[in-house]
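The values are calculated or read from the model by the stated rules, or taken from the named source; none is laboratory data. Because the structure is predicted, anything quoted here is derived from the model rather than measured. Cβ: placed from backbone, ideal geometry, glycine included. Neighbour counts: every protein chain shown. To get the accessible areas, we keep the full protein, side chains included, count just its heavy atoms, and leave off ligands, DNA and RNA. Shrake-Rupley method; radii C 1.70, N 1.55, O 1.52, S 1.80 Å.
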Amino acid sequence: MVAPVVLVIGVIIGFPLVRGVFLSLTDANEANVQRDIGVNHIPATYKFTGLDNYTAILTDDVFWNRLGWTVLWTVACVSLTFLLGLTLATMLNRTLRGRTFYRLALILPWAIPAFISVFTWQMLYNEKSGLLNKLLAGGGIDAIPWLNDPTWAKLSVIAVNVWLGVPFMLVTLLGGLQSIPGELYEAAEMDGANAWQRFRNITMPGLRAVSSTVILLSTIWTFNMFPVIFLLTRGGPGDATEILVTYAYRLSFVNSPRNFSECAAWGVLILVLLSAVAVVYRRALRKQGEVW
């Protein structure tokens, strides 16, 4: 019964993964891989180098600098996305006029393709003609180099990613809130519990299963969020906003000669890091009594 699914996963994920691990153990690059030039076939001449690529990466400050920013980027985005999503979900879980309109408006960023959203934000961030700086100029404030200053660029990409991620958090957490029995809140209110006590002792425990899953998924997606970084800043200014996945892409598709083996090694290291995070996170949930 599961054979078709296993076959599809094996073809789509298994083969590229095995191929990537193999390439990471070689010195494959643009000059020594198998290729065809017209009618001429040039065989591959790359060699097996063992763990040399991993040694070179782990002993290079470039990896650790990229990793530090990637971790900061992930923690900041996931934290802000979760807090905003939870706040908005709590507000929309109440009975209020126009609730359907607000829900549709807040889900809108999720419905728009990511690359269109990023290009729109790029126009808003334009230092000379962007709407944000025009609003600041109207208030007598100097223009801000949103994408040309390292600090502002980091804040800008975080803001865009949070804007893109809040709808997912909102919808998921709102579903979790609606699954909590209303009788629990009524009983707590009769016992004299205030709003904060009800939120802390009923809402948060009731959302634990949902929130633990969405936080893990959001962490994985944000850690590998290629479109926002690459389309908005190309990793710049300089390399200020370059995360691990965009740097790996640069090695294989931008730099010359293209270094396929080192790019594959970066990809394997990213996989190992995310797998380690998932394992640690799962063990932490088990200690708290969550089954996942």
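For the chain, the longest principal axis of the Cα atoms and the long axis of helix 260-287 meet at an angle of about 30 degrees.
The ellipsoid that matches the Cα gyration tensor of the range 28-74 has semi-axes, each √(5λ) in whole angstrom, of 34, 15, 7, with the longest given first.
For THR213, the solvent-accessible surface with a 1.4 Å probe is about 40 Å², rounded to the nearest 10.
Between PRO181, THR59, ALA264, the Cα set farthest toward the positive side of the dipole of the chain (charges on each charged residue's Cβ, about the Cα centre) is that of PRO181. Would you mind checking the range 39-76 for residues with the amide N under 14 Å from a putative spin-label position 7 Å along Cα→C-beta of TRP163? No residues fall inside that zone. Sorted on the mean count of surrounding Cβ atoms within 10 Å across their residues, most packed first, peptides 193-202, 266-275 read 266-275, 193-202. For the chain, with a Gaussian network of springs between Cα atoms less than 10 Å apart, report the residue from GLU186, GLU127, GLU30 with the top mean-square fluctuation. The residue with the greatest mean-square fluctuation here is GLU186. Residues considered: ASP27, ASP142, ASP61. Largest GNM mean-square fluctuation over the chain, using C-alpha springs under 10 Å, is found at ASP142. The accessible surface of the range 61-287, taken with every protein chain in place and a 1.4 Å probe, is 64 percent carbon and sulfur. Which angle from 0 to 90°, rounded to the nearest 10, does the C-alpha axis of helix 114-124 make with the longest principal axis of the chain? Approximately 80 degrees, to the nearest 10.
For LYS134, which lysines qualify as cross-link partners when the Cα separation must be under 29 Å and same-chain residues fewer than eight apart are set aside? Within the straight-line cut-off, LYS134 pairs with LYS154.
On the basis of the beta-carbon distance and an R0 of 22 Å, LEU273 and ILE13 show a calculated FRET efficiency of 0.80.
Seen from all directions on average, the range 181-233 presents a Cα convex hull projection of 5.3 nm².
Both radii were evaluated on the Cα set of the chain; the Rg over Rh quotient, with Rh as the Kirkwood radius, amounts to 1.05. Rounded to the nearest 20, the size of the Cβ-charge dipole of the chain about its Cα centre is 600 debye, with Lys and Arg at +1 and Asp and Glu at -1. Taking 0.890 mPa s as the viscosity and 25 °C as the temperature, the Stokes-Einstein diffusion coefficient of the range 178-292 based on its alpha-carbon Kirkwood radius rounds to 139 µm²/s. Positive-end ranking of ALA114, TRP73, GLY98 along the dipole of the range 61-159, with charges on Cβ about the Cα centre, is headed by GLY98. Seen against the Cα atoms of the chain and their longest principal axis, helix 244-253 is set at about 30 degrees. Loop-resident GluC sites (Glu not before Pro) (DSSP state other than H, G, I, E or B) in the range 197-292 with no more than 14 further Cβ atoms inside 10 Å of their Cβ: GLU290.
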